[in-house]
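The values are calculated or read from the model by the stated rules, or taken from the named source; none is laboratory data. All figures in this text were calculated on a predicted structure; none of them were measured in a lab. Here Cβ is always computed from backbone atoms with ideal geometry, including for glycine, and neighbour counts include all displayed protein chains. Ligands, DNA and RNA are excluded from the accessible area calculation, which covers all protein heavy atoms including side chains. Shrake-Rupley method; radii C 1.70, N 1.55, O 1.52, S 1.80 Å.
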Amino acid sequence: MNKKYAILLAAGLSIAATSFAADNQALPPIKKQPTPENVLAEHLDALNQCDWNRLVAQYPEDAEIHLPDGVMLKGRQKVGDLFNGFCKDRPNGLRGLKFTVQTSFKVGNTFNVMWKADAPFLAEPYIGSDAYVTRNGMMAAMVTTFDGSKLKFKQ
């Protein structure tokens, strides 16, 4: 595991690197969507529901997620590990965080989305943006500004 990646997850998602690595799950079957719009809708709904199976089902084997500070995850297993950590209850994860699209525009099969994230455990909403690259009914890549270390939690 990339050390910078583990540090980002530990700080941002409050997950210890050792428990993160130990939580690998069997990946669900891939489920393609009929249109790029459906890929984005499925991703956002599954993320807001923290439905790990639905989230990971839309990523192909060669998927990539580009995180802040030059951190990049390659492959379905790493994507699955990331969302496994994200979908844990607080304080170990961020289950309950809801993303609301503020603006979105499509270029080819890529959606550029500005969003607001909020949850009962946050002191204030968090604003960010993602580029979602769809291919053949799947989420081929995501480039995100999401940095969990910037979330402001209620005391």
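Observations
- With contacts taken as Cα pairs under 8 Å at a separation of at least 6 residues, the range 65-155 carries a relative contact order of 24 percent.
- Accessible surface of residue 133 - all protein chains present, 1.4 Å probe, nearest 10 Å²: 50 Å²
- The calculated Kirkwood hydrodynamic radius for the range 69-138 is 14.0 Å, given to one decimal from all distinct C-alpha pairs.
- With all protein chains in place and ligands, DNA and RNA left out, the 1.4 Å accessible area ranks 35, 103 as 103, 35, largest first.
- Segment residue 48..residue 62, full-extension length gain: 2.6 nm, with 0.36 nm per residue of separation and the alpha-carbon distance subtracted.
- Per-peptide average of other Cβ atoms within 10 Å, ordering 136-149, 77-90 highest first: 77-90, 136-149
- Packing-based order for 50-62, 108-120, using average beta carbon neighbours within 10 Å, highest first: 50-62, 108-120
- Of all aspartates and glutamates in the structure, those lying under 17 Å Cα to Cα from residue 116, and not within fewer than 8 positions of it along the same chain, are 45, 124, 130, 147.
- Cross-link pairs exceeding 30 Å between alpha carbons, from the set 32/78; 88/150; 74/154: 74/154.
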